[in-house]
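Remarks on the structure that follows.
Since every read-out is calculated from the coordinates, none of them should be taken as a lab result. Note that this is a predicted model, so its numbers are computed, not measured. With ideal geometry, Cβ positions are generated from the backbone for all residues, glycine too; neighbour counts draw on all protein chains shown.
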Amino acid sequence: MSVATDRWIPSTCSLCYGSCSILGHVVNGVLVKIEGNPASAIGRGRLCGKGVSGIMTLYDPHRVNAPLRRTNPEKGLGVDPGWREISWEEALDEIAGRLRKIRAEDPRKLFIQRTTTNTSVRAPMAVFAAAFGDRLQADFETGKLSGREYHRAVTARLQAEVPYAEFYRMYGDIFTEILATGDLLRRLHTRYPLYLLSDTNEIHFGYVRETVKVLSVFDQCIVSYEVGAMKPDPRIYQEALRRSGLPAEACVFVDDRPANVEGAARVGLHTVQFESAEQFAADLTRLGVVIP
């Protein structure tokens, strides 16, 4: 069998606090070897046995690669925790809900414990801890801060000097069109008016308008930083209905977050929780939507 792809990919080992630079040898999408990266000052091409054995961690059949929720509250030696696999959406929504509760009560209650064996997470954790409890991101997403004001606040907090143009690209470049979903939206656009309802900010939305072509299928874009409210606040759904001129019962709201779907249902919209383009199309058909 011929080899379709054969490449070495630079990365970082996270199996101890050394965080050595590594090269992964990937053949036909399968990691087959890990070596030290001689081009890096961290390790200078050398790698310990633990780093080399990282491939065993990746392909361990017992590796945990999905969120697990404990279902048995009883704890102790020999007690089955009753782990149950849940989706990433469920896990993130649960964590976000708990963090919101802590922030609302007293941000000082938050305790962050990170592993001591991976120094690469130190900076992100420090930034998160510094930002937790204030309204910087929420103020940006609801239009209380402009892009340049947000840039100044973030760079001051991080004690970094990053020109706005460079910050704009780094901060904005996080969106990639999902082809199957984009195709479905373009087909729906030939028959129905489409409205984008998004929690976003001046930089993200500005960058998306410049780079993501599927945005052109939407008749109007209702964005949180212009409305001054974020989902699931009823005001943003009501603004979308006002601009569309349609009654709630004539509209279908689609979102991948359960809380946002529930918020839309509370104002009378038909709702679909997005999981995949195929499921999205099937649910629309069930609601009587004709897909060209």
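Before moving on, here are some points about what is shown:
- Derived scalar couplings between HN and Hα for the range 199-207 equal 7, 7, 9, 4, 6, 4, 6, x, 5 Hz in order, rounded to whole Hz, by the Karplus curve 6.51 cos²θ - 1.76 cosθ + 1.60 (θ = phi - 60°), x for Gly and Pro.
- Amide H to amide H distances under 5 Å link ASP256 with PHE274, where only residues 5 or more positions off or on other chains count and H is placed in the peptide plane.
- Scattering curve values for the range 138-292, log₁₀ I(q)/I(0), Debye with Cα scatterers, q = 0.10, 0.14, 0.15 Å⁻¹: -0.40, -0.76, -0.86
- Listed peptides 283-291, 9-17 by packing density, highest first (mean Cβ within 10 Å): 9-17, 283-291
- Within the shell defined by Cβ-Cβ distances under 11 Å, the residues around ALA229 carry a net charge of -3, with Lys and Arg each +1 and Asp and Glu each -1.
- Above-threshold pairs, the threshold being 29 Å between Cα atoms, out of LYS101/LYS213; LYS109/LYS231; LYS50/LYS101; LYS33/LYS75: LYS101/LYS213; LYS50/LYS101; LYS33/LYS75
- CD proxy at 222 nm, helix term only [per DSSP H run n ≥ 4: -39500 (n - 2.57); per residue of the chain; nearest 500]: -11500 deg cm²/dmol
- For q = 0.11, 0.13, 0.22 Å⁻¹, Debye-computed log10 I/I(0) when each Cα of the range 1-115 counts as one equal scatterer: -0.64, -0.82, -1.15
- Using θ = phi - 60° and Karplus 6.51 cos²θ - 1.76 cosθ + 1.60, couplings along the range 173-178 (whole Hz; Gly, Pro as x): 7, 10, 10, 9, 5, 8
- Net charge, THR155 excluded, C-beta distance under 15 Å - Lys, Arg +1, Asp, Glu -1: +1
- Overall dimensions of the chain as given by Cα atoms, namely Rg and Dmax in Å: 23.3, 66
- Comparing the range 166-228 with the 2.2 N^0.38 Å rule of thumb, its C-alpha radius of gyration ratio is 1.17 (two decimals).
- HN-Hα J in Hz across the range 218-234 - Karplus 6.51, -1.76, 1.60, θ = phi - 60°, x for Gly and Pro: 8, 5, 8, 10, 9, 10, 4, 6, 8, 6, x, 8, 10, 4, x, 4, x
- For ILE222, distant residues with modelled amide H under 5 Å away: LEU196, LEU197, SER198
- Local electrostatic count at SER87 - Lys and Arg +1, Asp and Glu -1, tallied over other residues with Cβ under 12 Å: -4
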